[in-house]
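One structure is given below, encoded as structure tokens.
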Amino acid sequence: MSLGINLLPADGKVCSFDCIYCECGFNADHRPQMPMPAREEVSQALEAKLKDMQEYGPEPDVLTFAGNGEPTLHPQFAEIIADTLALRDRYFPQAKVSVLSNATKISRPEVRKALMKVDNNILKLDTVDAGYIGLLDRPTGKYDVDTVIGNMEAFEGKCIVQTMFLKGEFEGKDMDNTSDRFVLPWLERVKQIAPSQVMIYTIDRVTPARGLLKATHEELDRIGQLVREAGISCSVSY
């Protein structure tokens, strides 16, 4: 069982991407109405939940930071990670701690150090084509692919790369990133990062942008095999 930890307002979304496939919807549709919860609030809520699970179950396998936005945008992210690891060790020491991040803030030393401490730091890299990233992920601030990849390299292999593959169209543009035009340059940069694992997946629920389609099993399996042939572990989710 995975226990989700949300660092962002319950009635809003805070993210440095505005992905057209985001299950939370577009940023403009989810403007926060209250400030982010303080470190103490997050810690107290998590401890209460862990105590309850310790007494009544089920036992968590993973504590996952995801929720409705980008967790590393929280100003106390590093401190919250430290608190979470301490609580994990106290209540369920066998559980893993995972963070899903779009990697836009990993240049910050405190964020990188915190991510290096968790069991699974899962960093998004949806191809390496700047134009495609602008259409698919729609960064809300400056985003430079080379800089992000360089920051991922700084993890020295202690990271997981996650990539979304899909098809269809958006605003009249072809969104298929399963062809060699996108896959081969992406694969070369993945080799450069040398992560411990690659996770590839496709859309599995209704998206805020219409016209998007799932990548096929065959297409995902082909990409996964290319990653494995490069000597990197790869999981495929359909």
- Message: Cut-off 18 Å, label point 7 angstrom out along Cα-to-Cβ of R210: give me the residues of the stretch 153-178 whose amide nitrogen falls inside.
- Response: 167-175
- Item | Karplus 3J(HN,Hα) series, Hz, for the stretch 133-145 with 6.51 cos²θ - 1.76 cosθ + 1.60 (x for Gly, Pro) | 4, x, 7, 7, 8, 6, x, 8, x, 5, 9, 10, 4
- Fully extended contour minus Cα-Cα distance, from A230 to A194, at 0.36 nm per residue: 12.0 nm
- Message: Helix-only estimate, please: 222 nm mean residue ellipticity of the chain, summing -39500 (n - 2.57) across DSSP H runs of length 4 or more and dividing by its residues, to the nearest 500.
- Response: -11000 deg cm²/dmol
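Mean separation of Cα pairs under 8 Å and 6+ residues apart, divided by the residue count of the chain: what relative contact order is that in percent? Display every interim value, and only then the final one.
Working: 428 pairs, mean separation 44.6, N = 238.
Answer for the chain is 19 percent.
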- FRET efficiency for D89 and E171, Cβ-Cβ distance as r, R0 = 41 Å, nearest 0.05? 0.30
- Charge sum, other residues only, whose C-beta stays under 14 Å from T216's C-beta, Lys/Arg counted +1 and Asp/Glu -1: -2
- Tell me, what ³J(HN,Hα) does each residue in the stretch 172-180 have, in order and in whole Hz, if you take phi through Karplus 6.51 cos²θ - 1.76 cosθ + 1.60 with θ = phi - 60° and put x for Gly and Pro? x, 9, 5, 9, 6, 10, 9, 7, 4
- In debye to the nearest 20, the charge dipole size for the chain, taken about the Cα centre with +1 at each Lys and Arg Cβ and -1 at each Asp and Glu Cβ, equals 280 debye
- Message: Using only Cα atoms and rounding to the nearest 10 degrees, what angle (0 to 90) does helix 217-229 make with the longest principal axis of the chain?
- Response: 80 degrees
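Here, each number is a calculation from the coordinates, and none is a lab measurement. What you see is a predicted model, and the numbers here were worked out from it, not measured in a lab. Counting neighbours? That spans all protein chains shown, and the Cβs are built from the backbone with ideal geometry, glycine included.
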